[in-house]
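The values are calculated or read from the model by the stated rules, or taken from the named source; none is laboratory data. The shown structure was predicted, so the numbers you read here are calculated from the model rather than taken from an experiment. Neighbour counts are summed over all protein chains in view; Cβ atoms, including those assigned to glycine, are modelled from backbone coordinates with ideal geometry.
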Amino acid sequence: MSLRSISPLDGRYARQVAELGDRVSEWALIRARVRVEVEWLLVLAPQLDAAPLRAVYEGFSDTDADAVKTIERRTNHDVKAVEYFLRDRVPEDVRELVHFGLTSEDVNNLAYALMLRDAIADAWRPAAEELVAGVAALAESARAVPLLSRTHGQPATPTTFGKEMAVFVARWRRQLSQLDGQEYRGKLNGAVGTYGALVVARPEVDWEDVSRRFVESLGLTWAPLTTQIEPHDWIAELFHSLARFNAILVDFDRDVWAYISRGLVRQRPVEGEVGSSTMPHKVNPIDFENSEANAGVGSALALHMATSLPVSRLQRDLSDSSLLRNGGVVVGHSLLALRSALRGLQKIEVDEVALGAELEDAWEVLAEAVQTVMRKRGGEDPYDQLKALTRGARIDGDRLREFVAAADLDEADRERLLSLTPAQYTGLAERLVDRLRDDL
């Protein structure tokens, strides 16, 4: 970490996203390009000993990356620099086969696909699953803890804390399920997607089949029909998925923040931490605030890239080249958001006493139950009767029971309503948490 870093991902938060340096950095991009070039050379020259060639990218070092960058300063072309770097490391009789028949985009699109695939699979996805599992555990432990709902910020029908957490888990799992079907696509078909140079050089070869087998050997999905660039639609799909997951995360962060603000969720102080430079008592929900901020930054860039990358002038322009370099930033901020939320989650606990006290002060929320039971029997507009009693007013249990005692009700319904408390009025909330088990 350098204090002169411009991006907080490389500065303040570098240690929290450190593994991305091996997956979506400039160094990682150079290594991925070298990998593609080596593997393509092995297709063209299968007689070569693969082990020492693959060692070039498998053991790729900072010194190697510096060597490529030194060449790039002369060529002013990053992919050509990789080609020249590799030509010096292969047998002389096959040097002209390095980068044979390719355009730079054949190398770049495959390199970016490999980088994003590995960054999601190795870094983002495990963190997402850890957070979802943590919230699922919280949902299970608090499945029966009554909670006063707030709709429009006002007291509303009670639920349970666990059920509300379960909603987030179900939403996140749906996004993860969609990500399971995410394609990481790649193409290798020459300057404008016609295999032109390859066909002229070796017309007897089925270049479409060679291309397909090569792309699939990298663990990617073959894109058979492109311009000079792979159209990036799959990247848009991936980043839309990340943005949706992040949107749910922001929703979660804000709700937990609100529960903390209401005193319903306590934060465990961490020894040595300071909440405020002037107010010694403060234990601020900074992890959830940090998560919200980074999820927002990641989503903003993700959505910009998702709507910009699929648009290219004619057979190509260079706007995507600069934009693609920010893919790691999307993953980085999204990963940081996950880890901040997880850190916050590990510090909180539900205050059941506080939740109970809030419910005990909100008997008016039973108006829904009373008027619904009264409507079952018929009679003179029960809704308006309860509206007159409770709208904008605070009533206690005694006042509500007086109303129920005098209401036109079946005796069984009356007894049930007279014994009902806000904490008991949670419907199927506790049982609904079991839906999470159905998803597994």
Exercise for the section: Report yes if some residue within the range 302-319 is modelled with pLDDT under 95, in contact with a Ser or Thr (Cβ under 7 Å, 6 or more places away or on another chain), assigned by TED's automatic domain parsing to the domain that holds P158 and buried (at least 20 other Cβ atoms within 10 Å of the Cβ); otherwise report no. Expected result: no
Problem - Candidate set: the range 163-200, residues that are over 28 Å from R212 (Cα atoms) and of a type in the set (V, I, T); chosen: the one surrounded by the fewest Cβ atoms within 10 Å (Cβ to Cβ) - result: V167
Problem - Subset of the range 219-247 that is surrounded by 18 or more Cβ atoms within 10 Å (Cβ to Cβ) and among the aliphatic types (A, V, I, L, M) - its residue that is nearest to D180 (Cα to Cα) - result: L238
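Quick one: count up the residues across the range 291-326 that are in a helix (DSSP H, G or I) and either at positive phi or of a type in the set (D, E) (or both).
Total meeting the criteria: 2.
Matching residues to (1) of a type in the set (V, I, T); (2) within 18 Å of the chain's Cα centre (by Cα); (3) not assigned by TED's automatic domain parsing to the domain that holds S291:
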{"position": "V199", "(1), (2), (3)": "yes, no, no"}
{"position": "W207", "(1), (2), (3)": "no, no, no"}
{"position": "S211", "(1), (2), (3)": "no, no, no"}
{"position": "E216", "(1), (2), (3)": "no, no, no"}
{"position": "G219", "(1), (2), (3)": "no, no, no"}
{"position": "E230", "(1), (2), (3)": "no, no, no"}
{"position": "H240", "(1), (2), (3)": "no, yes, no"}
{"position": "N246", "(1), (2), (3)": "no, yes, no"}
{"position": "F252", "(1), (2), (3)": "no, yes, no"}
Practice task
Kindly check whether there is at least one residue in the range 72-87 that is closer than 26 Å to V200 by Cβ, in contact (Cβ under 8 Å) with a residue 24 or more places away in the chain and under 23 Å from the mean Cα position of the chain (by Cα).
Solution key: no
Exercise for the section: Considering (1) surrounded by 17 or more Cβ atoms within 10 Å (Cβ to Cβ); (2) under 25 Å from V17 (Cβ atoms), say which one A137 fails and leave the rest. Expected result: (1)
Practice task
May I ask you to verify whether A113 is closer than 24 Å to D209 by Cα, in the same structural domain as R339 (by TED's automatic domain parsing) and either among the aliphatic types (A, V, I, L, M) or surrounded by 18 or more Cβ atoms within 10 Å (Cβ to Cβ) (or both)?
Solution key: yes
Exercise for the section: Out of R23, R12, report the one residue that is at pLDDT below 95, within 26 Å of L338 (Cα to Cα), within 33 Å of the chain's Cα centre (by Cα) and charged (D, E, K, R). Expected result: R12
Exercise for the section: Spot the failing condition for R437; the list is (1) under 30 Å from A123 (Cβ atoms); (2) of a type outside the set (S, T, Y); (3) in contact (Cβ under 8 Å) with a residue 40 or more places away in the chain, and only one is missed. Expected result: (3)
Handout entry: Residue in the range 183-197 that is out of contact with any strand residue (DSSP E or B) (no Cβ under 9 Å at 6 or more places or on another chain) and over 17 Å from I229 (Cα atoms) present
Key = no
Exercise for the section: Out of L9, L29, L97, L41, report the one residue that is crowded, with 20+ Cβ neighbours inside 10 Å and more than 30 Å from W124 (Cα to Cα). Expected result: L41
Practice task
Could you check the range 327-422 for helices (runs of 4 or more DSSP H) lying wholly inside it with 1 or more residues that are touching a residue at least 40 places away in the same chain (Cβ under 8 Å) and either in the same structural domain as I260 (by TED's automatic domain parsing) or within 36 Å of the chain's Cα centre (by Cα) (or both)?
Solution key: 327-345, 352-360
Handout entry: Test set (1) modelled with pLDDT of 95 or more; (2) surrounded by fewer than 19 Cβ atoms within 10 Å (Cβ to Cβ); (3) of a type in the set (S, T, Y) - S334 fails condition number
Key = (2)
Fill in the blank from the handout: If we keep only residues of the range 1-34 that are among the charged types (D, E, K, R) and touching a helix residue (DSSP H, G or I) at 6+ places or on another chain (Cβ under 7 Å), then the residue farthest from A113 (Cα to Cα) is E19
